[in-house]
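This report refers to the structure that appears directly beneath it.
What follows draws every value from the coordinates through simple rules; no lab data is involved. Quick caveat, the model's predicted, so the values are computed rather than measured. Neighbour counts are summed over all protein chains in view; Cβ atoms, including those assigned to glycine, are modelled from backbone coordinates with ideal geometry.
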Amino acid sequence: MRGGWGTLAVATLLLASCSGDDPADDDGASLGVTEPPTSVTAPPPPAPSPEGTGVVVIGGSSSSFAVTGCRLVADPAEPEGAQALVLMTGSGSTAGGVAFDVEVKRFSTGIAVKTYTDTVSYTDTARILQAQRIEVNGQVRDLRDPDASTSMIRTREAGLSASGLAGPPGSDADADGTVGFAIDATCLP
């Protein structure tokens, strides 16, 4: 190992001299200020829409749509133990020209003990987003929003609104792609 230690010593000195101890080597850049990530929140529902139209807000971007179907009461032809109490569908295009479909549904199951499931779905060519909240005996559960305590869908005369957190189907609050959403729609007479 002749010369091995000498070569190692020279290499160490060369590396030390290149380490940038000279203040002139500092470009002044920093890592910046780091802050914890902000949590996703649900925006408030948009103002009531004109008849036969709606607005969906996803992650701060609003898009209008045409209501293609709307029912705000249960269909008496459906069995009491499994009824769609509210059903609204619509289609529109984003500002960028991407076509999308929306569906808002409140479904009830059970007779003695009712389970209400509020689901809002948004589908375009690039993604599927879903928000879902379940209520059983006054207990509310939302996988994306553990603090939720009320039903997601609100009906009014001739229309509805909803607000919550949406994400890929089956995802939870910590999943990538979770966004705040809100929707309002007014039915045709």
**OP:** With a bin width of 10 angstrom, please list the P(r) values of segment 53-186 as percents of all Cα-Cα pairs, from the 0 bin to the one holding the largest distance.
**Re:** 13, 43, 34, 9, 1
Original post:
Expressed in nm to one decimal, what extension gain is obtained for the pair ALA173 and ARG154 from 0.36 nm per residue of sequence separation less their Cα-Cα distance?
Top reply: 4.6 nm
Original post:
Once label points are set 7 Å from the Cα along Cα→Cβ at both ALA66 and GLU78, what is their separation, rounded to one decimal in nm?
Top reply: 2.5 nm
Original post:
Can you list the residues, at least 5 places off or on another chain, whose amide H is less than 5 Å from the amide H of THR53, using H built in the peptide plane?
Top reply: VAL67, THR186
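Work out the length of the dipole vector of segment 53-186 about its Cα centre, built from +1 on the beta-carbon of each Lys and Arg and -1 on the beta-carbon of each Asp and Glu, and round it to the nearest 20 debye.
On the way: 10 positive and 16 negative charges, 39 e Å.
About 180 debye.
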**OP:** Take the alpha-carbon centre of segment 146-161, take the same for segment 84-113, and report the distance between them in whole Å.
**Re:** 13 Å
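Packing-wise, with mean Cβ within 10 Å as the measure, how do 179-185, 136-142 rank, highest first? Let's see the in-between values first.
Numbers: 179-185: 23.6, 136-142: 12.1.
So the order, starting with the most tightly packed, is 179-185, 136-142.
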Original post:
Efficiency by 1/(1 + (r/R0)^6): what FRET value for THR109 and ASP147, r their Cβ-Cβ distance, R0 = 30 Å, to the nearest 0.05?
Top reply: 0.75
**OP:** Read phi for every residue in segment 93-109 and hand back ³J(HN,Hα) as whole Hz from Karplus 6.51 cos²θ - 1.76 cosθ + 1.60, θ = phi - 60°, with x for Gly and Pro.
**Re:** 9, 6, 4, x, x, 7, 6, 9, 10, 10, 9, 10, 9, 10, 10, 10, 10
